[in-house]
Amino acid sequence: MAALKHLTFIRHGALPEAFADCFAGRRDVPLSPEGEKEAAALGNYLASRRFDRIYSGTLRRVVDTRCLAGRRAPFLTDAVSDTRLDELDFGDWSLRPFAELRQACPAEFAAWNLGNAAFQFPNGERIGDFIRRTRAFLAELQTGSAETVAVFSHGGVIMSLLADLVGLPRSQAFSLWVPRGGLAELRIRADGGGQLLKLVRPAEFLT
């Protein structure tokens, strides 16, 4: 029987306006001042929690979110870095606006939106490869010894892991979208599947 019982996914905070509606992907985009406030508020929210293990992606916006949250909840600074938690590599789509690509590449944009495993971003990552690396991370969690785990990562990674845990097809995965600066909490069943307990938006931390 798997030890994992509770899982919290935390998405990095807001980005500067120039990048807010773009595919940031592997580009090392910083947090905006608003994103820094969201990170601090996340720290306040998590300060009373206790986790057996904390994992973190390696890109700046995720690391900065965790470290800023760690000023309010110092235990968050002790994390295991894992590149499998880094965002999709959008290749030539990186830093291009969503609206522009939706108009310029409608078929490809739809393939991404539906989670088509065969689709590869131009000079970037294939969705199927992305799914495999996130599933490999999840499999290690499900067979590990930690009961309560926190994961700091990106929107695409969190959405992919949530879809697998709750058994949702890729075509419906966007219904599990966690906004920047938000988090999702799940109870993990004995069979390894998950029940979504709470999806908290950043506005709820900042009020």
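The values are calculated or read from the model by the stated rules, or taken from the named source; none is laboratory data. What you are looking at is a predicted structure, and each value in this text was computed from that prediction instead of being measured. Cβ placement follows ideal geometry from the backbone for every residue including glycine, while neighbour counts extend to all protein chains displayed. The accessibility values were calculated without ligands, DNA or RNA, using every heavy atom of the protein model including side chains. Shrake-Rupley method; radii C 1.70, N 1.55, O 1.52, S 1.80 Å.
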With label points set 7 Å from each Cα along the Cα-to-Cβ direction at Q195 and E17, the distance between them in nm comes to 4.4 nm
In nanometres, the difference between 0.36 nm per residue of separation and the alpha-carbon distance of E147 and R96 is 14.4 nm
Classified through the alpha carbon gyration tensor (a ≥ b ≥ c as square roots of its eigenvalues; rounded if a/c is under 1.5, else prolate when a/b is larger than b/c, else oblate), segment 66-178 comes out prolate
Per the charge dipole of the chain (beta-carbon charges, Lys/Arg positive, Asp/Glu negative, Cα centre), the residue among I131, T148, G70 reaching farthest to the positive end is T148
Counting only DSSP beta bridges with both partners in the chain, the antiparallel fraction in percent, to the nearest 5, comes to 50 percent
Most fluctuating of V151, V63, V80 in the GNM of the chain (C-alpha, under 10 Å) is V80
Hydrodynamic radius by Kirkwood for segment 127-202, inverse mean 1/r across distinct Cα pairs, in Å, is 12.8 Å
Of Q103, Q142, Q120, the most mobile residue in a GNM of the chain (C-alpha springs, cutoff 10 Å) is Q103
Once all protein chains are kept in place, E100 shows an accessible area at probe 1.4 Å, nearest 10 Å², of 80 Å²
Heavy-atom accessible area of R135, protein chains in place, probe 1.4 angstrom, given in Å² to nearest 10, is 120 Å²
Segment 179-207 and segment 45-105 have their Cα centres apart by a whole-number Å value of 15 Å
Highest GNM mean-square fluctuation among T134, T83, T65, for the chain with Cα springs under 10 Å, belongs to T83
Here the relative contact order (percent) of the chain, from C-alpha pairs under 8 Å and at least 6 apart, is 32 percent
Taking a crude spin-label model, label points 7 Å out from Cα along the C-beta direction, the S171 to T83 distance in nm is 3.5 nm
